[in-house]
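Written below as structure tokens is the structure these notes are about.
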Amino acid sequence: MIELINLSLQRGGKALLEEASLRVNPGEHMALVGANGSGKSSLFKLLCNELSYDSGDLQMPAQWQIAQMRQEVEASDRPAIEYVIDGHQQYRRIEADIEACSDDHRLAELLAEMELIHAYQIRSDAEQLLQGLGFALTEVDKPVSDFSGGWRIRLNLAQALMCPSDLLLLDEPTNHLDLDASLWLEQWLRRYEGTLLLISHDRDFIDACCDFVVHLEHHQLHRYRGNYSAFERQRAERLAQQQQAYEKQQAERAHMEDFVRRFRAKASKAKQAQSRLKALERMSEIAPAHVDSPFHFRFYAPSQYSDPLLGLSNAALGYSEPLLNKVNLSIHPGSRIGLLGANGAGKSTLMKSLAGTLAPLSGQRHSGEHLHMGYFHQHQLESLDLNASPLLQLQRLRPDAREQDIRNFLGGFNFKGERAEGSCLHFSGGEKARLALAIIVWQRPNVLLLDEPTNHLDLEMCHALTSALQEFEGAVIVVSHDRHLLRNTVDELLLVDNGSVSPFDGSLDDYRQWLLSRNRELGDKPQSASTAPVVDKKKARQDAAAKRAKLAPLNNEIKKLERTLQKVAEQLQAIEAQLADTSLYDETNKQRLKTLLAEQAHLQTENNTAEEAWLELQEQLEALAD
């Protein structure tokens, strides 16, 4: 297991952790969440021995193989597939030893080692990883230097997955993936048997892949049982008990509930519209968990509309050759469209054509008289004036605006004080993305074209953007791998596939099932998270059966304890909800309050006892499994 004991860590004079403690048990899939700069990536560096802590202790098995996704890769002439196979360090070591070996006896030993790691399967495993992440088989032998930065990051991810590991560290793995590749990676990680630590802005991805959440807050590590949605609920309940925040929380919740009521009156019976309504209702419940977010902004109401605002008629879209044909699309005020489709199908081509940066090869693009467009795309970050401050860049757009109004506006994007006044030269990717979004919002668009807007954003900024888009009165067209964003902001889905654009009659869950079904038809079975296939299947089945029999009693006890923990957690939540009622603290309710507090103390003791027993059994399970 991994254990941090009263650990303190500083970087650049800034305290990140102060006597923080955490235990991560083998096989747990855990998400790290917290504000930018809270220390998530630094914790990864600690685990990889790239940073030293100031005090306390960090314990983890010395023999563990750690796989980590790097964030950068240099251009090289090395074929992509060989670069990915480099992640299997044991294979590369044996391969090098064979190359240098001149002793027949030692050579026989090395060849036996190759057989043990199923070396004959390694290239096929690497190909499956690359295909799952969106590479075509015709691309796997291309040099790394032929790929753009985003595709090189995918190669880094494939290399990390290629490594047979005990601990897998993934920092924003979906940042450069489309929705199809994100869904594939989700399936792969769910089958991964090692310990997973994940940093991600994609809450649906966390929900699917993680059973625990660690929140880095106030220099401490708070561990929550359950996925991100469960963490959000638990944190909302905890904050609701803090009297100082109570009124602000209720105002935020009332605002969300009012918006839900207004949306319900207009929602159609379409699957995606109903899906969005359910998501909105849930958003109102967890709104208190985000009252301390540094991000609070809303889109201005557009001053004018045309109807339609924008459209394409019988358009062929592409570059020298059409990628999409006979595209007919009309964007009206209030349109909320999500674009689905595999990488390379033409989603970004369609967005560029709608934006007017790529002219149709044939057919027509129509724009309304009062069209005022905001177009967010990744290359936009490169066009920011990095020498100018955020304040100056907004002043240029509206010279008549009061400086204090601009400062207040930028504060909603967490550009305050010196951050608003200084140049952007040293801005992180997340800060550049926030500034690009701020510039769009500042210009009061009536149509938003958003191509992967959540790349580089943290969870709190993603939540703020989702909330703002829910209330935007203009039209929205979104391409995103972030299902939570799509589920909460669009009512209509279009599928970009096989050279055409057509309505997708279903929800995002239906799209996921459609993808799985299509992949089965094509024979594209997802790769197992274990990269080595079993050769002697009969013996493997016998060994597995014996191991299951050996571990069954422990597993049964663990399941019983987990049911107990779940039951106690639900009872505690019910009591905490009652304790959040301010009338309970009146003198007339003194006895009831006393009873509830006693019940809470008893349940907390029961929870602690069960959790200690659960952890002890997990250690026994680990020892027997070795």
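Observations on the structure shown:
- Search result, residues across region 112-145 that are out of contact with any helix residue (DSSP H, G or I) (no Cβ under 7 Å at 6 or more places or on another chain) and over 26 Å from ARG518 (Cβ atoms): ALA112, GLU115, LEU116, HIS118, TYR120, PRO143, SER145
- For region 194-202, the condition of being in contact (Cβ under 8 Å) with a residue 12 or more places away in the chain, touching a Lys or Arg at 6+ places or on another chain (Cβ under 8 Å) and closer than 20 Å to ASP451 by Cβ holds for at least one residue.
Here is a yes/no grid of residues against (1) over 26 Å from PRO333 (Cα atoms); (2) in contact with a Leu (Cβ under 8 Å, 6 or more places away or on another chain):
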| site | (1), (2) |
| --- | --- |
| ASN408 | yes, no |
| GLY417 | yes, no |
| GLU421 | yes, yes |
| LEU435 | no, yes |
| ALA438 | no, yes |
| VAL441 | no, no |
| ASN455 | yes, no |
| VAL478 | no, yes |
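- Count - residues of region 74-84 that are part of a loop (DSSP other than H, G, I, E, B), of a type in the set (Asp, Glu) and under 29 Å from the mean Cα position of the chain (by Cα): 1
- Here region 81-109 is the region considered, the condition is being over 21 Å from SER165 (Cα atoms) and of a type in the set (A, V, I, L, M), and the residue that is surrounded by the fewest Cβ atoms within 10 Å (Cβ to Cβ) is ALA100.
- Of residues in region 399-438 being touching a helix residue (DSSP H, G or I) at 6+ places or on another chain (Cβ under 6 Å) and among the aromatic types (Phe, Trp, Tyr), the one farthest from ASN455 (Cα to Cα): PHE415
- Looking only at region 551-578, and only at residues there that are farther than 11 Å from LEU617 by Cα, among the hydrophobic types (A, V, I, L, M, F, W, C) and within 31 Å of the chain's Cα centre (by Cα), the one that is surrounded by the fewest Cβ atoms within 10 Å (Cβ to Cβ): ALA577
- Scope region 578-592; condition in contact (Cβ under 8 Å) with a residue 12 or more places away in the chain and in a helix (DSSP H, G or I); matching residues: GLN578, LEU579, THR582, LEU584
- Qualifying residue in region 180-189 (condition: under 20 Å from LEU43 (Cα atoms) and either among the aromatic types (Phe, Trp, Tyr) or modelled with pLDDT of 90 or more (or both)): no
- Single residue of region 190-207 satisfying the filter (touching a strand residue (DSSP E or B) at 6+ places or on another chain (Cβ under 9 Å) and in a loop (DSSP other than H, G, I, E, B)) that is nearest to LEU465 (Cα to Cα): SER200
- Residue satisfying condition, being surrounded by 15 or more Cβ atoms within 10 Å (Cβ to Cβ), at pLDDT below 70 and either aliphatic (A, V, I, L, M) or not in a helix (DSSP H, G or I) (or both), within set ALA545, ALA540, ALA532: ALA532
- Identification of helices (runs of 4 or more DSSP H) wholly contained in region 85-137 with 2 or more residues that are free of Cβ contacts under 8 Å to residues at least 24 places away in the same chain and assigned by TED's automatic domain parsing to the domain that holds PRO173 yields 89-100, 104-116.
- Yes/no for GLU431 being surrounded by fewer than 17 Cβ atoms within 10 Å (Cβ to Cβ), part of a helix (DSSP H, G or I) and within 27 Å of the chain's Cα centre (by Cα): no
- Hits in region 18-62 (condition: among the polar types (S, T, N, Q), assigned to a loop (DSSP other than H, G, I, E, B) and touching a residue at least 24 places away in the same chain (Cβ under 8 Å)): ASN25, ASN36, SER38
- Hey, ASP146 at pLDDT below 95, closer than 22 Å to SER42 by Cβ and among the acidic types (Asp, Glu) or not: no
- Region 12-36, residues that are under 17 Å from the mean Cα position of the chain (by Cα) and either among the polar types (S, T, N, Q) or surrounded by fewer than 17 Cβ atoms within 10 Å (Cβ to Cβ) (or both): ASN36
- Filter result for ALA610 (assigned to a helix (DSSP H, G or I), outside the structural domain of LEU486 (by TED's automatic domain parsing), surrounded by 14 or more Cβ atoms within 10 Å (Cβ to Cβ) and at pLDDT 70 or above): yes
- Residue match in region 584-591 (condition: surrounded by 12 or more Cβ atoms within 10 Å (Cβ to Cβ), hydroxyl-bearing (Ser, Thr, Tyr) and modelled with pLDDT of 75 or more): no
- Any chance GLN71 is surrounded by 12 or more Cβ atoms within 10 Å (Cβ to Cβ), of a type outside the set (A, V, I, L, M), in contact (Cβ under 8 Å) with a residue 24 or more places away in the chain and in a loop (DSSP other than H, G, I, E, B): yes
- Here is the figure for region 138-161: residues that are surrounded by fewer than 18 Cβ atoms within 10 Å (Cβ to Cβ) and assigned to a helix (DSSP H, G or I) total 6.
- Scanning region 318-336 for residues that are aliphatic (A, V, I, L, M) and either without any contact (Cβ under 8 Å) to a residue 60 or more places away in the chain or surrounded by fewer than 16 Cβ atoms within 10 Å (Cβ to Cβ) (or both) yields a count of 0.
- Residue match in region 471-481 (condition: part of a helix (DSSP H, G or I) and either surrounded by fewer than 23 Cβ atoms within 10 Å (Cβ to Cβ) or modelled with pLDDT under 90 (or both)): yes
The values are calculated or read from the model by the stated rules, or taken from the named source; none is laboratory data. Please read all numbers here as calculations on a predicted model, not as lab measurements. Virtual Cβ from ideal backbone geometry, glycine too; neighbours counted across all protein chains shown.
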